[in-house]
1. For q = 0.10, 0.22 Å⁻¹, what log10 I(q)/I(0) does segment 76-182 give under the Debye formula with an equal point scatterer on each alpha carbon and no solvent?
2. Taking only the Cα atoms of segment 253-385, how large is their convex hull per residue, in Å³?
3. Specify which residue in the list TYR159, LEU295, GLY12 is farthest towards the positive end of the charge dipole of the chain, using unit charges on the beta carbon of Lys, Arg (+1) and Asp, Glu (-1), about the Cα centre.
4. Please compute one quarter of the surface area of the Cα convex hull for segment 1-144 and express it in square nanometres.
5. Under a 10 Å cutoff between Cα atoms, tell me which one of LYS294, LYS322, LYS330 has the largest fluctuation in the Gaussian network model of the chain.
6. Applying 1/(1 + (r/R0)^6) with R0 = 30 Å to the Cβ-Cβ distance of VAL177 and LYS144, what FRET efficiency is obtained, to the nearest 0.05?
7. Report, in deg cm²/dmol and to the nearest 500, the calculated mean residue ellipticity at 222 nm for the chain, where each DSSP H run with n ≥ 4 adds -39500 (n - 2.57) and the sum is divided by the residue count.
8. Provide the convex hull volume over Cα atoms per residue for segment 17-247, in Å³.
Amino acid sequence: MEIRDTMLPVLGPKGGKEEIQALTEVIESGWWGKGPKVAEFEEKFAEMVGHKYACAVTSASHGQDLVMKALGLKNIDVINPAISFIATAMIPLWNDFTSNIVDVLPDTMCIDPKDVEKYKKPNSEVLIAVNQAGVPCDYNALRKVFGGFILEDTAHSCYTPGAGQGGDAAVWSFQAVKTMPCGDGGMITSNDKELIEKCREMTWFGVSSTWSRASGASGKPGYAWDYQVDLLGYKYYMIDIMAAICLEQMKKLPEHLKFRRHVQERYNKELHPLIERPPHSETVQYYCAKLPEKLLNIAPDGSGFSGKITRDNLIDYLADKKIHTSVHFKPLYKYGPLQQDRKYPVCEREWVKLISLPVHNRMEESDIDYVIYWVNKWMKEVYETN
């Protein structure tokens, strides 16, 4: 097979004339900031995910930060899974909390309830449960060992049926490479009205919405300048330009997820049989395959390799063939500010096998063929010679 001329990205958004028209309407309306589109998006999104209340924000990271602040806790310990984007463990540090990183389950790479039970502290008040690659955590098991506030990180789960229902609140992502992107943005959802109202108030320095005051929805038409500030706030609110894109992406979500599952099915059926398939995902935010342990010759405790082949050899090989891949994720405890004085045997053994293959709605069938061909060619060559 001939090598492509251009790089095939591992992730990417897909929009069209509908998003362009929606943006045009917002621009022509004269209201670009937080306004009616944000309110409409909050209402429709809450309904979609099965929560009563929603607060749209600038990013999922800011959403997590607002929830932490809204809880009003001090000097607490926050439990995180070892596999996640670095924001998950950084955000507690923003609030002068500690990040307590625990090991993951070998199959899903989600947080391990047994490790939570083992390493939770007397001041462990919040647990961030990441639905890794759209696969839900075991929330029943987590509830049995942890009695604090569970914040469900659903950045990869928009929209997996049942996602958001395991925690006390959920935070969603609309970042550019997510399943329902708007460039960047996030949403906090919960059935806790008081929590969501407090988060919403904090999205703009504790000031009530300009739109609600300017439109008369506040009950005081003409009093847009007159507001009361009762708590410390920030600038985390979503604007109508972002919400307009999200509303159009929401309409396309079933179609987009159907195609992502199609990519997942083709990879599952056609990739080399020794490649470990990820657990089934309804969203397929990432396709996190694993290379076979016996090919990499990983030590049982994850302490190192005894062979010449590593996962990075495949990453480099595919890059030469114009295929962009990734790893989701490098363990959190490997970053300087997050280093922990403990062992992570499961994570150490499993993460070195991970490789994320392209899956997004800009792909064509020929792109899927291309990825499968070159991955299988590498596997065949390497496995037969090692």
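1. After summing over all Cα pairs, the log10 values are -0.25, -1.21.
2. Working: hull volume 17.3 nm³, N = 133.
Measuring per residue, one finds 130 Å³ for the Cα hull of segment 253-385.
3. My answer, from the dipole projection, is LEU295.
4. The Cα convex hull of segment 1-144, projected and averaged over all directions, gives 13.8 nm².
5. Between LYS294, LYS322, LYS330, it is LYS294 that shows the largest mean-square fluctuation.
6. Working: r = 34 Å, r/R0 = 1.15.
So the FRET efficiency works out to roughly 0.30.
7. Details: 13 runs with 148 residues, N = 386.
Estimated from H runs of four or more residues: -11500 deg cm²/dmol.
8. Numbers: hull volume 26.7 nm³, N = 231.
Looking at segment 17-247, the number lands at 116 Å³ per residue.
None of the figures in this text is laboratory data; all of them are computed from the coordinates on show. Here the structure is a predicted model, which means the values were calculated and not measured. Positions of Cβ are backbone-derived with ideal geometry, glycine not excepted, and every protein chain shown enters the neighbour counts.
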